[in-house]
């Protein structure tokens, strides 16, 4: 009973589709075997490349105002038009890419580390620690994800750091649940028994022997979580609680264009499409990853 | 069959979670950095007397456990505190906004089901063939689509360009409200659809593989009858479960969409309260939303146990 976060880690394809390791399948080139993975990787490379290199190539300073050329539609000079202050939308979108990808990265990495660690400990040791962690998870999932984030950010104040804190406080539960579930199964394995017999410490058994076996589903989930967090960051910025102007951010740009929706549609439309593109790229990649990492049956 | 013991056990099981969410909502306000009274009053009105008065009003001058017990005691009496901005009790303000939100939630759920059942069935029956791939490709675009942007695009296309629906508002009588809330509900339904259709598709594919479906087909039943009598009942159970799992997401979308379409509901109140730093309202609403999720989950479980009599408490 969690938000979309809980429902997400299912592969787009049904169980065991393109990864079935039949001899014929194995001989196919990767793009035939796993088109999602290839297409997703290419799109991600394109997006990351555009955000890193784009700002160096872009024709205008993203913050430069040009009050003589405000609210212009797409032209040769301004490929995606200009906003109400005459700023070039393409330049701002490229510059915003860095901000949005950074939001996705931090919103995923902190909860990933905290959640996986707690999930490992809860699943491995069980007992009181497990009970406490699971009770806390039960309580946190009772809140709608967006509402709880909104409430925490409302108290801490707007801004990116506070968004990261809020997401860190809430999002770890998904990772903890996934990793704990895997851990419960993996700790019964004979190689764990063998490692114990040899006399390895728990820390070594968890880190070296169990972690590689339990982390895969969490990695797959982190891709859909990334998509969710980019949309979350954009939504909070849209409502004035995330990135603050004049820093370009896609959600904020949509918010700027909202007033001009009826007359100058491009201002709000293009930054929104950028968010959609990132979503498609990471969803494809996540599905492909799920397929590729699924153990051969 | 008597479901009462099951319902009773589910209710008992909820008590620790209920206590937990009161603790979380109590603590959320303590996240305000520095002195909450100072933040609430702003620099102009923040005289020492005012700060002391606010601290006393909020009970902040007492130890934390005592504050929590007072908070809990007030809750039991239905007292969620009072709004700074509106000078009214939070419960009263919330109560006025509940109908719009519940109506929108219900409306969006109905549209979601109307959208997901045929799509999920079509995709599952044609697994890996063209219709399935088209549906999956379409919803791939929906996964990362922020609902606020989708709402704006729908406004642009259907309200501004085609003049089919109003841009915003709530309407005055039920038919008018159904018309006014169509676009907001549709936006929520579309943003939920990728998750719902995907889950339903996978669950239907599993159902279609089951022996009883094979049996129904083997004894020569028409495909329509197999689908309606043998597959749809299972699909209905999955639908209820999938909707229940995603209720938190549904409520989150409602908060966003109410603000895009100016629907006077709880989500609209929440963002208004955030912008005016009306912390008691934010706190009260956080609690109310969590209670809503718990209530829906309980309803889901009960519906589920009615649809599938094998379900028992374990």
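With respect to residue A:210, is the statement that it is in contact (Cβ under 8 Å) with a residue 24 or more places away in the chain and more than 21 Å from the chain's Cα centre (by Cα) true? First the steps, then the outcome.
Values: in contact (Cβ under 8 Å) with a residue 24 or more places away in the chain: yes; more than 21 Å from the chain's Cα centre (by Cα): yes.
In short, yes.
Scan segment B:120-131 for residues that are assigned to a helix (DSSP H, G or I) and surrounded by fewer than 20 Cβ atoms within 10 Å (Cβ to Cβ) and report the count. Write out each step before concluding.
Going residue by residue through segment B:120-131, those that are assigned to a helix (DSSP H, G or I) are B:120-125, B:130-131.
Among the residues that remain, those that are also surrounded by fewer than 20 Cβ atoms within 10 Å (Cβ to Cβ) are: B:121-122, B:125, B:130-131.
Qualifying residue count for the region: 5.
Taking the condition of being surrounded by fewer than 19 Cβ atoms within 10 Å (Cβ to Cβ) and more than 8 Å from chain B (Cβ to nearest Cβ), how many residues in segment A:239-276 meet it? I'd like the intermediate steps shown before the answer.
The first filter runs over segment A:239-276 and keeps only residues surrounded by fewer than 19 Cβ atoms within 10 Å (Cβ to Cβ), leaving A:240, A:244-247, A:258-260, A:262-263, A:273.
Remaining after also requiring more than 8 Å from chain B (Cβ to nearest Cβ): A:244-247, A:259-260, A:263, A:273.
So the answer is 8.
Out of the residues in segment B:156-183 that are assigned to a helix (DSSP H, G or I) and modelled with pLDDT of 90 or more, state the one that is farthest from the other protein chains (Cβ to nearest Cβ). Full working, then the answer.
At the first step, the residues of segment B:156-183 found to be assigned to a helix (DSSP H, G or I) are B:156-161, B:174-180, B:182-183.
Within this subset, residues satisfying the condition of being modelled with pLDDT of 90 or more are B:182-183.
Numbers: B:182: 19, B:183: 14 Å.
This residue is B:182.
With the condition kept exactly as written, say whether any residue in segment B:219-227 is more than 12 Å from every other protein chain (Cβ to nearest Cβ), closer than 21 Å to residue B:258 by Cβ, surrounded by 15 or more Cβ atoms within 10 Å (Cβ to Cβ) and touching a helix residue (DSSP H, G or I) at 6+ places or on another chain (Cβ under 7 Å). Please lay out each step first, then the result.
Of the residues in segment B:219-227, the ones more than 12 Å from every other protein chain (Cβ to nearest Cβ) are B:219-227.
Next, from what is left, pick out any that are closer than 21 Å to residue B:258 by Cβ: none.
Looking for residues that are more than 12 Å from every other protein chain (Cβ to nearest Cβ), closer than 21 Å to residue B:258 by Cβ, surrounded by 15 or more Cβ atoms within 10 Å (Cβ to Cβ) and touching a helix residue (DSSP H, G or I) at 6+ places or on another chain (Cβ under 7 Å), one finds none in segment B:219-227, hence no.
Can you tell which of B:140, B:152 is facing chain A (nearest Cβ under 8 Å), crowded, with 19+ Cβ neighbours inside 10 Å, at pLDDT below 85 and assigned to a helix (DSSP H, G or I)? Break it down into steps so the answer makes sense when it comes.
On the way: B:152 fails: at pLDDT below 85.
Going through B:140, B:152 in turn, the sole match is B:140.
Which of the residues spanning segment B:19-50 are surrounded by fewer than 15 Cβ atoms within 10 Å (Cβ to Cβ) and under 30 Å from residue A:163 (Cβ atoms)?
Hits for segment B:19-50 are B:19, B:23, B:27, B:30, B:33, B:34, B:35, B:42, B:43, B:44, B:45.
Is segment B:39-50 home to any residue that is at positive phi and part of a helix (DSSP H, G or I)? Before you say what the answer is, go through the steps one by one.
Filtering segment B:39-50 for residues at positive phi gives B:42.
Those left that are additionally part of a helix (DSSP H, G or I): B:42.
Yes, that holds for at least one residue.
From (1) farther than 21 Å from residue B:286 by Cα; (2) touching a helix residue (DSSP H, G or I) at 6+ places or on another chain (Cβ under 7 Å); (3) at pLDDT 90 or above, pick out the condition that doesn't hold for residue B:115.
(3)
Could you count how many residues in segment A:131-149 are over 30 Å from residue A:238 (Cβ atoms) and either more than 9 Å from every other protein chain (Cβ to nearest Cβ) or in contact with a strand residue (DSSP E or B) (Cβ under 8 Å, 6 or more places away or on another chain) (or both)?
Going through segment A:131-149 one residue at a time, the tally reaches 4.
Does residue B:284 satisfy the condition of being facing chain A (nearest Cβ under 8 Å) and either out of contact with any strand residue (DSSP E or B) (no Cβ under 6 Å at 6 or more places or on another chain) or in a helix (DSSP H, G or I) (or both)?
Details: facing chain A (nearest Cβ under 8 Å): no; either out of contact with any strand residue (DSSP E or B) (no Cβ under 6 Å at 6 or more places or on another chain) or in a helix (DSSP H, G or I) (or both): yes.
So residue B:284 fails the test.
Within segment B:119-128, is there a residue that is at pLDDT 85 or above, within 20 Å of the chain's Cα centre (by Cα), away from chain A (no Cβ under 12 Å) and within 19 Å of residue B:203 (Cα to Cα)?
No: zero hits.
Quick check on segment B:56-67: of everything there that is surrounded by fewer than 16 Cβ atoms within 10 Å (Cβ to Cβ) and assigned to a helix (DSSP H, G or I), which residue is modelled with the lowest pLDDT?
Per the stated criteria, the residue is B:57.
Quick test for you: out of A:92, A:27, A:87, A:33, pick the one residue that is surrounded by 14 or more Cβ atoms within 10 Å (Cβ to Cβ), closer than 21 Å to residue A:289 by Cα and over 21 Å from the mean Cα position of the chain (by Cα). Explain how you work it out, then say what you get.
Numbers: A:92 fails: closer than 21 Å to residue A:289 by Cα; A:27 fails: surrounded by 14 or more Cβ atoms within 10 Å (Cβ to Cβ); A:87 fails: closer than 21 Å to residue A:289 by Cα.
A:33 is the lone residue from the list that is surrounded by 14 or more Cβ atoms within 10 Å (Cβ to Cβ), closer than 21 Å to residue A:289 by Cα and over 21 Å from the mean Cα position of the chain (by Cα).
For segment A:73-83, which positions are modelled with pLDDT of 80 or more, surrounded by fewer than 18 Cβ atoms within 10 Å (Cβ to Cβ) and either in contact with a helix residue (DSSP H, G or I) (Cβ under 7 Å, 6 or more places away or on another chain) or closer than 17 Å to residue A:268 by Cα (or both)?
Step one: filter segment A:73-83 for residues modelled with pLDDT of 80 or more, giving A:74-75, A:77-83.
If we keep only those that are surrounded by fewer than 18 Cβ atoms within 10 Å (Cβ to Cβ) too, we end up with A:74-75, A:77, A:79.
If the condition is that a residue be modelled with pLDDT of 80 or more, surrounded by fewer than 18 Cβ atoms within 10 Å (Cβ to Cβ) and either in contact with a helix residue (DSSP H, G or I) (Cβ under 7 Å, 6 or more places away or on another chain) or closer than 17 Å to residue A:268 by Cα (or both), then A:74, A:75, A:79 are the ones that fit.
Got a number for residues in segment A:142-155 being more than 13 Å from residue B:252 (Cβ to Cβ) and part of a helix (DSSP H, G or I)? Show your work before the answer.
Going residue by residue through segment A:142-155, those that are more than 13 Å from residue B:252 (Cβ to Cβ) are A:142, A:152-155.
Subset that is part of a helix (DSSP H, G or I): A:152-155.
Qualifying residue count for the region: 4.
Right, residue A:283: assigned to a helix (DSSP H, G or I), closer than 16 Å to residue B:260 by Cβ and modelled with pLDDT under 95 or not? Spell out how you get there, then give the answer.
Numbers: assigned to a helix (DSSP H, G or I): yes; closer than 16 Å to residue B:260 by Cβ: no; modelled with pLDDT under 95: yes.
Against the criterion (assigned to a helix (DSSP H, G or I), closer than 16 Å to residue B:260 by Cβ and modelled with pLDDT under 95), residue A:283 does not qualify.
It is to be established whether one or more residues within segment B:99-108 are without any contact (Cβ under 8 Å) to a residue 40 or more places away in the chain and within 14 Å of chain A (Cβ to nearest Cβ).
No, that holds for no residue.
Residue A:224: at the interface with another protein chain (Cβ under 7 Å from one of its Cβ atoms), assigned to a helix (DSSP H, G or I) and crowded, with 24+ Cβ neighbours inside 10 Å, yes or no? Full working, then the answer.
Details: at the interface with another protein chain (Cβ under 7 Å from one of its Cβ atoms): no; assigned to a helix (DSSP H, G or I): yes; crowded, with 24+ Cβ neighbours inside 10 Å: yes.
No: the conditions fail for residue A:224.
Inspect segment A:199-206 for any residue being on the phi > 0 side of the Ramachandran plot, modelled with pLDDT under 95 and either touching a helix residue (DSSP H, G or I) at 6+ places or on another chain (Cβ under 7 Å) or not in a helix (DSSP H, G or I) (or both) and give the result as yes or no.
Taking every residue of segment A:199-206 in turn, at least one turns out to be on the phi > 0 side of the Ramachandran plot, modelled with pLDDT under 95 and either touching a helix residue (DSSP H, G or I) at 6+ places or on another chain (Cβ under 7 Å) or not in a helix (DSSP H, G or I) (or both).
In the set B:186, B:214, B:236, B:192, which member is closer than 23 Å to residue B:155 by Cβ and away from chain A (no Cβ under 14 Å)? Lay out the reasoning, then the answer.
On the way: B:214 fails: closer than 23 Å to residue B:155 by Cβ; B:236 fails: closer than 23 Å to residue B:155 by Cβ; B:192 fails: away from chain A (no Cβ under 14 Å).
Step by step, each of B:186, B:214, B:236, B:192 is checked, and only B:186 is closer than 23 Å to residue B:155 by Cβ and away from chain A (no Cβ under 14 Å).
If you check B:266, B:285, which single one turns out to be buried (at least 23 other Cβ atoms within 10 Å of the Cβ), touching a helix residue (DSSP H, G or I) at 6+ places or on another chain (Cβ under 7 Å) and either without any contact (Cβ under 8 Å) to a residue 60 or more places away in the chain or more than 17 Å from residue B:23 (Cα to Cα) (or both)? Steps first, please.
Numbers: B:285 fails: either without any contact (Cβ under 8 Å) to a residue 60 or more places away in the chain or more than 17 Å from residue B:23 (Cα to Cα) (or both).
It is B:266.
Can you say whether residue B:277 is outside any helix (DSSP H, G or I) and at pLDDT below 90, as far as the supplied structure shows? Working first, answer last.
Values: outside any helix (DSSP H, G or I): yes; at pLDDT below 90: yes.
So residue B:277 fits the description; yes.
The values are calculated or read from the model by the stated rules, or taken from the named source; none is laboratory data. Since we're looking at a predicted model, the values are computed, not measured. When we count neighbours, we look across all protein chains shown, and the Cβ atoms used for this are built from the backbone with ideal geometry, even at glycine.
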